[in-house]
Amino acid sequence: MRSLFRGLKPRLMAAFLLLTLLGAVAAAGASYATARNLLLEDAQDGFMNPLVEDVRNYAPRLTVPPAQQDLDDFGSYLRGSATVVFQGLRSRNGPDLSVVPAEMRETAKSSRTVIWQRRTDLAEPYVVIGIPLLRTDGTATGVEVWAMTSLGATQTAIDSFSTAAWVGVSLVLPLALGLALFTARGVLRPVRRLGAAARALGSGRLDTRVDERGSDELSDLARTFNRAAEQLEASQAASRRFVADVSHELRTPLTAMNAVTAVLDEDADSLPEDTAVAARLVSAETRKLTRLVNDLMEISRFDEGRNLLELDEWDISTAVRDTLAARGWTSSVEASLPEGVVGRVDRRRLDVIVANLVGNALKHGGAGVGVTVRPGVIEVSDSGPGIPTDALPHIFDRFYKADTARSRSEGSGLGLAIAWENARLHGGTIEAANAPSGGAVFTLRLPW
């Protein structure tokens, strides 16, 4: 029996049939309950309302306390459908009060309203009604009118409706079976989950996994997917470790090379012209290689989660002003730096973010670079050709290249990626867009 439901299709069909059956039963049950209450209330009100009206019409004529003849006259007025009671006296006509529960009799003595109760202790269901007579000031007179009526005909109608409801439920099953077969051929929920996971994996989220519960075909596919994702994640981790190890190993020879090229730079003027050009070229390329290695090591620390924030309260405008001054950009950048904008940031990492964004704008945007500080926002804009539309989604990718895309900073190709990682570490974001008037706009948002 268990093997019968190993496949996803029979399980889906069984679940669909069960859900449909439960829904049909619930609907039939709700309809039955509603119809039953309406029929019973209609039968009850059809008997009780005229009786209450007759009692109210006759009540002013009744002498209180009444004699036996008064009770008989009242009972005759009610056409023998009710029994009138006063203390130990009762009218000679009307139903037997032995069917009235003792608790109802006690309740009627203190009640100021009509009381009733449906009962099933006889061959047919019936309803018992008690009407206490009140004086004009609302106090009880002690006179009570009791009546009962059979609900047999109403119960017969209710039973017929119940039979019709169950017949309707049985007719739903063939339709549910057809719908289950149709649904099983459609797109199933596990398939959608696998599709979403595959898209996430393709976008670079290599820690994506899917649920492997069950023993059907899609569960096997989920396990295969997870194994592939684990292998990709392990491969990426190995690649990152390789880059980190290589970058670390390159630092020592690069330190020596930088020392040598520094000496060559100092003596370049005394060297033959061709030798001086070669020396300066080697020196420049060594500095570029050093920047690339440093950036690779920084990226590796982000990947390994080893970069930590050292947060403190800083005046953001002052921090940005210091970044521009330290790199000699004060005269090249139009800055709007209002005082009093304070934020809790890592000063060194904020410097890296601003330096990469401004340096990127100066490199690719030409003149007209601007920096604006607002509460929670630092905006860097330029008046260059802007960012191609197809490059915008990839502008912060590592080593991304496009004809006019700003994917390179100071030659390493990692500047914007490092800026984005530092913003993310702060819990913020960097957005790249093109201004309506031309040029690119980078907006840094941090939770200050």
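Read the figures in this text as sums done on the coordinates, not as results from a lab. Note that the structure is predicted; figures quoted are calculated from it, not measured. As a convention, Cβ positions derive from the backbone with ideal geometry for all residues, glycine included, and neighbour counts pool all protein chains shown.
Tabulated results
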{"read-out": "Packing rank of 352-361, 38-47, where each peptide gets the mean count of other beta carbons within 10 Å, highest leading", "value": "352-361, 38-47"}
{"read-out": "Added length on full extension, which subtracts the Cα-Cα distance from 0.36 nm per residue, Arg291 to Trp448", "value": "53.5 nm"}
{"read-out": "Additional length obtainable on full extension of the chain from Asp137 to Val260, 0.36 nm per residue less Cα span", "value": "32.6 nm"}
{"read-out": "Coarse-grained scattering of segment 196-307 at q = 0.10 Å⁻¹, given as base-10 log I(q)/I(0) from a Debye sum over alpha-carbon atoms", "value": "-0.52"}
{"read-out": "Gln87-Leu221 pseudo-label distance in nm [points 7 Å out on the Cα-to-Cβ vector]", "value": "8.8"}
{"read-out": "Environment charge at Leu151 (Cβ cut-off 15 Å; Lys +1, Arg +1, Asp -1, Glu -1)", "value": "-3"}
{"read-out": "Approximate spin-label separation Glu106-Ser170, in nm, with each point projected 7 Å along Cα-to-Cβ", "value": "4.8"}
{"read-out": "Mean Cβ neighbour count within 10 Å, used as a protection proxy, ranking 323-335, 301-313 highest first", "value": "323-335, 301-313"}
{"read-out": "Cα-projected label distance for Leu308 with Ser239, points at 7 Å along beta-carbon direction, nm", "value": "3.0"}
{"read-out": "Per-pair calculated FRET efficiency, R0 = 45 Å: Asp211 and Arg119 via Cβ, rounded to 0.05", "value": "0.20"}
{"read-out": "Ellipticity estimate at 222 nm from DSSP helix runs (n ≥ 4, -39,500 (n - 2.57)) divided over the chain, nearest 500", "value": "-19000 deg cm²/dmol"}
{"read-out": "With eigenvalues of the C-alpha gyration tensor scaled by 5 and rooted, segment 3-174, Å", "value": "50, 15, 13"}
